[in-house]
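A quick write-up on the structure given underneath.
Each value in this text was obtained by applying a stated rule to the coordinates, not by laboratory testing. Just so you know, these numbers come straight off a predicted model, no measurement behind them. Virtual Cβ from ideal backbone geometry, glycine too; neighbours counted across all protein chains shown.
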Amino acid sequence: MIDIANSKYLDDCYTALEQKQAALVDEYQIDSYGGFDFDMNKGTIEFKQGAVTRVKANFVPVGSFNEDQQTWMWAWANGGVTGEINEKAETIKVLEDKTGNEVFGSETFPADEGLAWEIAAMACDHYRGQGVFAAPIEGLLIFMVLNDVTAV
C-alpha cells in the first residue's frame with residue numbers, strides 16, 4: 001500500500017478537513033439526510049430528506065475507493081468523468097510536485113479507507129473546498145470536494 005503520511009502538508013490538510021467537516025455538520029446537518037442525487041457532468045449534488053432537497057452544493061470529483069478490492073482510482077482516470085469537470089479533477093496531479101509523491105499521477109493503486117480520506121484532505125485543500133462528501137455507491141466511496149454549499 002502507498003504511504004503518503006509523515007508530512008506537515010498532510011497533517012495541516014487533515015486538521016483543516018476535520019474542522020471543515022464539523023462546520024458542514026453544524027451549519028448544514030450534512031450527515032443527517034437519508035439520500036442524495038448528484039450530476040457528475042455538472043458537478044452538482046443535492047442532499048435530500050425524503051423527496052425534499054435540503055442542501056445543494058457544487059463539487060469537484062476526487063476519486064473512488066473500492067472497499068472490496070482496497071484500491072483507489074482518481075476521478076480523472078475514470079471514463080465516466082468527462083469534459084470540464086474532468087479538467088478540474090485532473091489539476092490534482094500538481095500535488096505530485098508539491099508532495100514528491102507519485103501517487104497523484106497513478107491512475108489506480110492499493111489503498112485503504114484511511115488513505116482515501118488523507119487524499120481527500122489534500123484534495124480539499126487543493127480545490128479550496130468547504131469539505132468532502134464520500135458518496136457510498138455499490139461498494140465504492142466516491143469522494144467529492146464540496147463548494148458553494150447552500151441550504152434550500
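Starting from the Cα-Cα distance between residue 135 and residue 152, subtract it from 0.36 nm times their residue separation and give me the gain in nm to one decimal.
Contour length minus the Cα-Cα distance gives 4.1 nm.
When the Karplus curve 6.51 cos²θ - 1.76 cosθ + 1.60 is applied with θ = phi - 60°, which whole-Hz ³J(HN,Hα) does each residue of the stretch 25-34 get, with x for Gly and Pro?
5, 5, 7, 10, 6, 4, 8, 9, 8, x
Grab the beta carbon distance between residue 56 and residue 15, set R0 = 25 Å, and tell me the FRET efficiency rounded to 0.05.
About 0.40, to the nearest 0.05.
Not counting the cut sites, what is the longest span of the chain without trypsin sites (Lys or Arg not before Pro) that DSSP labels loop and that have at most 16 other Cβ atoms within 10 Å?
Value returned for the longest uninterrupted segment is 43-127.
For residue 63, which sequence-distant residues (separation of 5 or more, or a different chain) have an amide H within less than 5 Å of its own amide H, given hydrogens modelled in the peptide plane?
75, 143
Relative to the longest principal axis of the C-alpha atoms of the chain, give the angle of the C-alpha long axis of helix 113-126, reported between 0 and 90° and rounded to the nearest 10°.
So the helix axis and the longest Cα principal axis differ by about 80 degrees.
Grab the other residues whose beta carbon is less than 13 angstrom from that of residue 61, score K and R as +1, D and E as -1, and report the net.
-2
May I ask for the net charge around residue 139, where only other residues with Cβ less than 14 Å from the Cβ of residue 139 are counted and Lys, Arg are +1 while Asp, Glu are -1?
Neighbour charge sum, excluding residue 139 itself: -4.
In vacuo Debye scattering of the stretch 1-81, one point per C-alpha: log10 I(q)/I(0) at q = 0.15, 0.16, 0.20, 0.21 Å⁻¹?
-0.79, -0.89, -1.18, -1.21
How much length is gained on full extension from residue 69 to residue 98, taking 0.36 nm per residue of separation minus their Cα-Cα distance?
7.6 nm
Mind checking Rg over Rh on the chain, alpha carbons, Kirkwood formula for Rh?
Reported Rg/Rh (Cα atoms, Kirkwood Rh): 0.95.
Longest span of the chain, sites excluded, free of GluC sites (Glu not before Pro) in DSSP loop with at most 12 other C-beta atoms within 10 Å?
1-106
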